[in-house]
Each structure stands twice: as C-alpha cells, then as structure tokens.
Amino acid sequence: MAATILRHRTARDRLRGEEAEDLRRLIAERPGLPERARSEIIAAIDRETASDARWTFVMLSPSQNRAVLSWLLEHSTRPRKAVELWALLFEHLRRDTGEIALTRDELAAEVGVAAEDVSRLMHELASIGAIIVHREKVAGMQGRGRAVYFMNPNVATNLAGAARDRA
C-alpha cells in the first residue's frame with residue numbers, strides 16, 4: 001500500500017475556509033453591489049483561499065498557449081514584457097468568470113511598464129483572441145469606459161465540465 005501525505009488542517013484552518021466560502025457566496029449573491037466591487041472582493045477571497053490550499057489549477061490548452069507565446073515573441077512591440085504579462089494574467093483569474101482581476105494600472109505596476117504599454121500589449125493579446133476586452137462605463141468618465149479583461153475560455157479556464165463547454 002502506498003503512503004499518503006496529508007497536510008494537517010486545524011479546526012481554525014477549516015473554519016477560516018468555510019467562512020471564506022460563505023463570504024464569497026454572500027458577495028456573489030448580494031443585489032445592488034457594483035459589479036467591479038463584487039469582482040475585486042471575490043478575487044481577493046479566491047486569492048486567499050488559493051494560498052491556503054497552496055495550489056490553484058487553470059486548465060490551459062498547451063497548443064493555444066504555445067501559439068500565443070510564439071505570436072508574442074515574433075510580433076509583439078515588447079516581446080519580453082508581453083510574455084511576462086501573459087504569465088501574470090494566469091495568477092489573477094477569477095475562478096468563476098475568467099476575469100483578470102487586476103486593473104490596467106495594477107498590471108503595469110506588476111510588469112514594470114507604463115499603463116499605456118499594458119493597453120497596447122492587452123490589445124495585441126485581444127487581436128489574436130487570447131483575451132477578451134469588455135468596456136465598463138464609469139460615471140463621470142468620458143470615452144468608451146474602463147477596460148475589463150477576461151481570459152478567452154478556449155485558451156484557459158478554471159471552469160470544468162459543462163460550464164467550460166458553455167463558456
């Protein structure tokens with residue numbers, strides 16, 4: 001019989017995980033909460049629970065990932081930073097929606113480039129179908145609105161089974 005390695009979880013650890021799930025459910029179901037605030041709170045809860053579990057899974061199509069990396073290395077205006085940004089996106093996916101839970105400014109700070117460079121690189125990723133960009137109107141802001149980024153579920157997803165197929 002093979003040995004099984006288990007991670008000891010105290011009662012406090014289990015309670016904390018249950019509280020996080022309850023909080024996540026309450027936030028997801030709360031009517032009237034601005035969608036951006038909901039997304040940021042759920043992403044923070046997901047990051048915390050993922051760090052407790054020490055491992056998160058994203059189903060990634062190897063051939064799609066290779067195609068994205070090859071395209072970035074060959075065609076991007078900033079190939080090295082584009083690849084670094086692509087890798088960063090996977091660390092900040094919302095498990096339930098595929099939304100990239102960092103703003104353009106936060107992505108820029110993480111990668112060490114200007115926000116305008118992130119816009120350009122994300123536009124490159126969108127142009128090849130690696131990500132999807134939605135515009136969210138912001139009160140008092142002129143123009144098309146704030147960009148909200150989503151991973152294309154044909155490239156990578158946290159969804160499983162029928163949910164993945166529907167996406």
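The values are calculated or read from the model by the stated rules, or taken from the named source; none is laboratory data. Quick caveat, the model's predicted, so the values are computed rather than measured. Every residue, glycine as well, gets a Cβ built from its backbone with ideal geometry; the counts of neighbours run over all protein chains shown. Protein only, heavy atoms only, side chains kept; ligands, DNA and RNA dropped before computing areas. Shrake-Rupley method; radii C 1.70, N 1.55, O 1.52, S 1.80 Å.
For the range 116-138, residues that are within 17 Å of the chain's Cα centre (by Cα) and without any contact (Cβ under 8 Å) to a residue 40 or more places away in the chain total 10.
Note on the range 14-127: enclosed helices (runs of 4 or more DSSP H) holding 3 or more residues that are surrounded by 12 or more Cβ atoms within 10 Å (Cβ to Cβ) and modelled with pLDDT of 90 or more are 62-75, 79-91, 104-111, 115-127.
Within the range 145-165, take every residue that is more than 24 Å from residue 34 (Cα to Cα) and open to solvent by 40 Å² or more (accessible area, probe 1.4 Å) and give me the one that is modelled with the highest pLDDT. Residue satisfying both the conditions and the ranking: 154.
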